[in-house]
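Colleague: If you scroll down you'll find the structure; I have some questions about it.
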Amino acid sequence: MSIVVVIISLVLLITLHELGHFYFAKKFDVEVEEFGIGIPPRLFGKKIGETIYSVNLLPLGGFVRMVGEDEKVKNPRSFSEKPIWQRAIILIAGVVSFWLVAVFIFATVSFGWGFMTEVPEEAEADSFLFVNFIEEDFENGFEIQDTIKRVNGREVVTVNEFKEAVEDGEKVTIVRGSEEKEIDISEMGNIADLIEVRRVAMERMNGLEAASFGVSQTVNVTRLQAGGLWMALRGAVTGEGLPEGMEIGGPIMIGGMAVSALDRSLGDYLMFVGIIATVLAFMNILPIPALDGGRLLFLLVEKIKGGPIPQEVEQKINAVFFLLLISLMLVITARDFYLYIMH
């Protein structure tokens with residue numbers, strides 16, 4: 001059931017992205033031949049007006065097929081005949097849709113569930129202990145975001161209480177999602193040196209605060225993506241590799257993280273979906289041919305040189321980068337399968 005929920009969520013995200021393209025294509029009177037959910041082959045479709053609305057076999061994608069999108073068509077309703085500024089808005093609308101979805105999700109979670117804030121040790125507040133960090137390669141049964149409930153059957157509320165209790169402790173009771181578990185720590189030494197816990201509370205925001213938080217969280221996640229990409233590229237050029245703690249993953253790893261978030265709580269899962277929406281927006285806006293950002297780059301070149309890039313050249317560049325992206329995704333997916341399924 002968790003996997004089904006994750007797939008439906010991804011389909012909804014992609015559909016909202018394509019609706020951004022679709023809405024502005026219609027607004028600027030571009031003829032839309034097909035609005036597709038999923039990647040062909042087509043399972044079924046229905047033509048309403050001039051547009052076929054289809055559901056396709058592979059659920060991880062979607063598309064809006066416009067007249068004149070991939071080739072120049074002499075037609076006043078052709079995408080290729082529209083002014084550059086209208087074509088740019090149609091292309092960027094899908095990216096903006098992702099960002100708007102992220103803002104809405106972050107705002108909804110902070111308003112409905114609350115947002116985790118750190119509580120001082122001395123404060124009298126309704127709080128809980130939260131596993132924030134685990135030493136690398138320490139196999140102990142703990143997971144980041146576990147909630148610490150008891151040590152040796154005694155409730156612990158502050159970080160200091162936890163550190164004192166585990167010095168001679170034998171069992172730690174944690175809550176993971178809706179499940180309560182006991183972890184034997186008698187053979188682990190002082191786990192306070194191996195895991196980091198924080199005292200936190202859930203703080204709900206009012207409507208205005210939630211809206212502001214939604215915007216700021218979307219901006220912050222986007223900035224983190226930009227910084228992560230820069231560090232990854234720098235590591236590739238210098239031969240240093242990825243920075244410590246950074247990991248590149250594909251659908252299998254992301255799916256596993258999504259299922260884990262859903263198992264913890266609906267609020268955690270929605271936050272994860274918001275992050276994914278922001279990541280998809282950032283990736284799509286990159287000036288890479290075959291992505292929305294790449295097509296915007298071609299429009300910029302057209303504006304600067306006063307005419308479009310030859311159609312054959314643009315198609316070949318897009319085809320090469322599409323194959324490179326698909327190949328990269330297959331490699332990452334195969335790696336994920338080996339790491340997370342076979343092991």
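Colleague: Restricting the search to the range 228-244, which residues are assigned to a helix (DSSP H, G or I) and either surrounded by 11 or more Cβ atoms within 10 Å (Cβ to Cβ) or of a type in the set (A, V, I, L, M) (or both)? So that I can check it myself, show each step before the final result.
Modeller: Just the residues of the range 228-244 that are assigned to a helix (DSSP H, G or I), to begin with: 228-238.
Matches in the range 228-244: Gly228, Leu229, Met231, Ala232, Leu233, Arg234, Gly235, Ala236, Val237.
Colleague: Spot the failing condition for Val64; the list is (1) among the aliphatic types (A, V, I, L, M); (2) part of a strand (DSSP E or B); (3) surrounded by fewer than 17 Cβ atoms within 10 Å (Cβ to Cβ), and only one is missed.
Modeller: The number of the failed condition is (3).
Colleague: Across the range 67-116, which residue is nearest to Leu291 (Cα to Cα) among those that are surrounded by 22 or more Cβ atoms within 10 Å (Cβ to Cβ) and touching a Leu at 6+ places or on another chain (Cβ under 7 Å)?
Modeller: Leu91
Colleague: Being within 30 Å of Ile254 (Cα to Cα), surrounded by 11 or more Cβ atoms within 10 Å (Cβ to Cβ) and without any contact (Cβ under 8 Å) to a residue 40 or more places away in the chain is the filter here; which residues of the range 315-329 pass it?
Modeller: Residues satisfying the conditions are Ile317, Asn318, Ala319, Val320, Phe321, Phe322, Leu323, Leu324, Leu325, Ile326, Leu328.
Colleague: Further, regarding this structure: May I ask you to say which residue of Glu155, Glu135 is over 30 Å from Leu280 (Cβ atoms), within 32 Å of the chain's Cα centre (by Cα) and loosely packed, with under 14 Cβ neighbours inside 10 Å?
Modeller: Only one candidate passes the filter, namely Glu135.
Colleague: Taking into account only those residues within the range 153-177 that are in a loop (DSSP other than H, G, I, E, B) and in contact (Cβ under 8 Å) with a residue 12 or more places away in the chain, which is nearest to Val119 (Cα to Cα)?
Modeller: Restricting to residues being in a loop (DSSP other than H, G, I, E, B) and in contact (Cβ under 8 Å) with a residue 12 or more places away in the chain, the top hit is Thr158.
Colleague: How about the range 91-119: which of its residues are outside any helix (DSSP H, G or I) and either at positive phi or free of Cβ contacts under 8 Å to residues at least 60 places away in the same chain (or both)? Steps first, please.
Modeller: Step one: filter the range 91-119 for residues outside any helix (DSSP H, G or I), giving 113-119.
Hit for the range 91-119 is Gly114, nothing else.
Colleague: Output yes when any residue across the range 124-131 is in a loop (DSSP other than H, G, I, E, B), touching an Asp or Glu at 6+ places or on another chain (Cβ under 8 Å) and modelled with pLDDT under 90, and no when none is.
Modeller: Filtering the range 124-131 for residues in a loop (DSSP other than H, G, I, E, B) gives 124-127.
Adding the requirement that they be touching an Asp or Glu at 6+ places or on another chain (Cβ under 8 Å) leaves none.
Checking the range 124-131: not a single residue is in a loop (DSSP other than H, G, I, E, B), touching an Asp or Glu at 6+ places or on another chain (Cβ under 8 Å) and modelled with pLDDT under 90.
Colleague: Is the range 70-87 home to any residue that is β-branched (Val, Ile, Thr), in a helix (DSSP H, G or I) and at pLDDT 85 or above?
Modeller: yes
Colleague: Exactly one of these conditions fails for Leu129: (1) surrounded by 15 or more Cβ atoms within 10 Å (Cβ to Cβ); (2) within 25 Å of the chain's Cα centre (by Cα). Give me its number.
Modeller: So Leu129 meets the others, but not (2).
Colleague: Would you pick out the residues in the range 330-343 that are exposed (fewer than 13 other Cβ atoms within 10 Å of the Cβ) and at pLDDT 80 or above?
Modeller: Leu330, Val331, Ala334
Colleague: Taking the condition of being touching a Gly at 6+ places or on another chain (Cβ under 9 Å) and in contact (Cβ under 8 Å) with a residue 60 or more places away in the chain, how many residues in the range 25-37 meet it?
Modeller: 1
Colleague: Does Gly249 qualify as being assigned by TED's automatic domain parsing to the domain that holds Phe142, in a loop (DSSP other than H, G, I, E, B), among the small types (Gly, Ala, Ser) and surrounded by 13 or more Cβ atoms within 10 Å (Cβ to Cβ)?
Modeller: no
Colleague: I need the full set of residues from the range 280-314 which are surrounded by fewer than 13 Cβ atoms within 10 Å (Cβ to Cβ) and among the acidic types (Asp, Glu), in order please.
Modeller: Correct list: Glu312 only.
Colleague: If you go through the range 158-170 one residue at a time, how many are under 36 Å from the mean Cα position of the chain (by Cα) and loosely packed, with under 14 Cβ neighbours inside 10 Å?
Modeller: So the answer is 1.
The values are calculated or read from the model by the stated rules, or taken from the named source; none is laboratory data. Nothing here was measured: the structure is a model prediction, and the numbers come from that model. Quick reminder, even Gly has a Cβ in these numbers, built from the backbone with ideal geometry, and neighbours come from all protein chains shown.
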